[in-house]
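The values are calculated or read from the model by the stated rules, or taken from the named source; none is laboratory data. From a predicted model like this one, the values you see are computed outputs, not experimental measurements. Here the Cβ positions follow ideal geometry from the backbone for every residue, glycine too, while neighbour counts run over all protein chains shown. Surface areas here come from the heavy atoms of the whole protein model, side chains and all, with no ligands, DNA or RNA. Shrake-Rupley method; radii C 1.70, N 1.55, O 1.52, S 1.80 Å.
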Amino acid sequence: LNCVWVHVVFGTAERHPWIQERLHNRLHGYLRAVLDDLGCPVTASNGMADHVHILFLLDSGQSLGNVMSKTK
């Protein structure tokens with residue numbers, strides 16, 4: 001039995017503020033859906049115009065590299 005919590009921070013290219021406020025909820029909903037499909041439930045997801053934070057529980061059958069590759 002293992003329980004691995006992962007806090008991921010994605011930054012935009014050159015930390016440019018690409019994430020518009022009107023797309024914020026849609027983006028985080030999409031990220032949650034991708035992680036849920038991978039068996040990695042999201043506990044928290046938020047961010048700013050130039051980065052995103054996600055806290056999720058890593059599925060024991062998944063590698064972190066695989067999850068990040070599919071999420072990005």
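Scan the stretch 5-21 for residues that are closer than 18 Å to LYS70 by Cα and assigned to a loop (DSSP other than H, G, I, E, B) and jot them down.
The initial filter retains those residues of the stretch 5-21 that are closer than 18 Å to LYS70 by Cα, namely 5-12.
Once the filter is applied, which keeps residues that are closer than 18 Å to LYS70 by Cα and assigned to a loop (DSSP other than H, G, I, E, B), the stretch 5-21 yields only THR12.
State the number of residues belonging to the stretch 22-72 that are open to solvent by less than 60 Å² (accessible area, probe 1.4 Å), under 19 Å from CYS3 (Cα atoms) and assigned to a helix (DSSP H, G or I).
So the count comes out to 5.
Please give the number of the condition ASN2 fails out of (1) modelled with pLDDT under 95; (2) in a loop (DSSP other than H, G, I, E, B); (3) in contact with a strand residue (DSSP E or B) (Cβ under 7 Å, 6 or more places away or on another chain).
(3) is the only condition that ASN2 fails.
Scan the stretch 1-47 for residues that are within 18 Å of LYS72 (Cβ to Cβ), without any contact (Cβ under 8 Å) to a residue 40 or more places away in the chain and hydrophobic (A, V, I, L, M, F, W, C) and report the count.
Total meeting the criteria: 11.
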